[in-house]
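The values are calculated or read from the model by the stated rules, or taken from the named source; none is laboratory data. It should be emphasised that the depicted structure is a prediction, and the values quoted were computed from it without experimental measurement. Glycine also receives a Cβ, built like all others from the backbone with ideal geometry; neighbour counts cover every protein chain displayed.
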């Protein structure tokens with residue numbers, strides 16, 4: 001999955017430090033990221049690539065590190081007119097290499113979106129500024145503090161004997177097959193969320209709900225909690241057409257694979273296809 005970057009180590013701890021030339025700069029504009037064209041692909045820029053652009057280093061905000069290399073956010077700079085710099089859509093990180101660069105690029109975008117949405121206080125309307133002791137945004141007027149947005153969600157592989165339930169979304173740009181998923185509601189357990197989302201989206205009951213694994217999924221500011229469950233009773237699908245375009249039961253031979261397997265959903269689909277789930 002996209003966060004599986006071993007043997008490299010991701011360190012998310014909050015720190016106050018200035019960038020070095022070898023550190024990586026992440027600059028976003030809405031749903032795009034700044035990259036450097038290199039051969040047939042792209043790479044993340046370092047501050048060494050931007051040595052003549054002082055504003056990038058002066059206003060850089062530390063995000064995290066991977067094997068000691070710092071990753072910094074610069075959200076108030078302009079795209080350089082030299083060196084092959086381009087702005088690319090964030091979906092590029094679904095296929096980006098190496099994997100640690102893909103993980104860093106999309107994870108940084110999650111913090112960028114959070115900071116952009118917290119410029120002003122939701123309590124009094126005052127200006128928000130970055131916290132100095134932890135990753136937060138603090139109101140300069142009333143002191144209200146906001147922390148990064150992480151939305152918990154479930155995703156479930158529903159088994160019916162030798163078949164797996166797969167679906168396609170009715171909205172958005174993603175058109176490949178996926179598993180049933182949805183966001184946790186207030187006061188709800190993960191297991192109850194699985195039951196509710198499955199009933200709402202495909203009208204089915206499930207049993208034997210068991211945990212698979214979790215995954216940070218920065219494409220949607222989410223932490224995905226993966227589960228496996230068995231069909232309980234009738235297998236007739238009643239589709240929620242506002243959420244799903246189609247859904248059906250598929251044998252192992254019919255399951256389509258979507259490498260690289262960067263999501264917990266695709267990993268579970270692959271595991272079922274190989275008889276490991």
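If only residues of segment 181-192 that are without any contact (Cβ under 8 Å) to a residue 60 or more places away in the chain and in contact with a strand residue (DSSP E or B) (Cβ under 7 Å, 6 or more places away or on another chain) are counted, the one that is surrounded by the fewest Cβ atoms within 10 Å (Cβ to Cβ) is 183.
Determine which member of the set 214, 263, 220 is within 30 Å of residue 105 (Cβ to Cβ) and surrounded by 20 or more Cβ atoms within 10 Å (Cβ to Cβ).
Working: 214 fails: surrounded by 20 or more Cβ atoms within 10 Å (Cβ to Cβ); 220 fails: surrounded by 20 or more Cβ atoms within 10 Å (Cβ to Cβ).
So the residue among 214, 263, 220 that is within 30 Å of residue 105 (Cβ to Cβ) and surrounded by 20 or more Cβ atoms within 10 Å (Cβ to Cβ) is 263.
Could you tell me which of the residues 109, 136 is at pLDDT 95 or above and not assigned by TED's automatic domain parsing to the domain that holds residue 45? Break it down stepwise before answering.
On the way: 109 fails: not assigned by TED's automatic domain parsing to the domain that holds residue 45.
On inspection, the qualifying residue turns out to be 136.
With respect to residue 67, determine if the residue is surrounded by fewer than 19 Cβ atoms within 10 Å (Cβ to Cβ), closer than 29 Å to residue 39 by Cβ and at pLDDT 95 or above.
Values: surrounded by fewer than 19 Cβ atoms within 10 Å (Cβ to Cβ): yes; closer than 29 Å to residue 39 by Cβ: yes; at pLDDT 95 or above: yes.
Answer is yes for this residue.
Considering only segment 53-61, I want to know if a residue exists there that is farther than 29 Å from residue 134 by Cα and out of contact with any helix residue (DSSP H, G or I) (no Cβ under 6 Å at 6 or more places or on another chain). No, segment 53-61 contains no residue that is farther than 29 Å from residue 134 by Cα and out of contact with any helix residue (DSSP H, G or I) (no Cβ under 6 Å at 6 or more places or on another chain). Remark: residue 277 matches the filter, which requires a residue to be within 12 Å of residue 158 (Cα to Cα), at pLDDT below 95 and in a loop (DSSP other than H, G, I, E, B).
Sort through 56, 14 and tell me the only one that's surrounded by 13 or more Cβ atoms within 10 Å (Cβ to Cβ), outside any loop (DSSP other than H, G, I, E, B), in contact (Cβ under 8 Å) with a residue 24 or more places away in the chain and assigned by TED's automatic domain parsing to the domain that holds residue 95.
Only one candidate qualifies: 56.
Can you pull out the residues in segment 254-265 that are without any contact (Cβ under 8 Å) to a residue 12 or more places away in the chain and under 19 Å from residue 161 (Cα atoms)?
Of the residues in segment 254-265, the ones without any contact (Cβ under 8 Å) to a residue 12 or more places away in the chain are 254, 259.
Within segment 254-265, 254 is the sole residue that qualifies.
Applying the selection to segment 146-159, what residues are in a strand (DSSP E or B) and surrounded by 14 or more Cβ atoms within 10 Å (Cβ to Cβ)? Give the derivation first.
From segment 146-159, those in a strand (DSSP E or B) are 146, 151-159; that's our starting set.
Passing the criteria: 146, 152, 153, 154, 155, 156, 157, 158, 159.
Of the candidates 168, 135, the single residue that is surrounded by 13 or more Cβ atoms within 10 Å (Cβ to Cβ) and part of a loop (DSSP other than H, G, I, E, B) is 135. Among the residues of this structure, residue 204 does not count as one that is in contact with a strand residue (DSSP E or B) (Cβ under 8 Å, 6 or more places away or on another chain), modelled with pLDDT under 95 and crowded, with 18+ Cβ neighbours inside 10 Å. Among the candidates 95, 85, the residue that is surrounded by fewer than 20 Cβ atoms within 10 Å (Cβ to Cβ), closer than 30 Å to residue 202 by Cβ, in contact (Cβ under 8 Å) with a residue 12 or more places away in the chain and in the same structural domain as residue 46 (by TED's automatic domain parsing) is uniquely 95. Among the residues of segment 229-274, those that are touching a helix residue (DSSP H, G or I) at 6+ places or on another chain (Cβ under 7 Å) and assigned to a strand (DSSP E or B) comprise 229, 244, 247.
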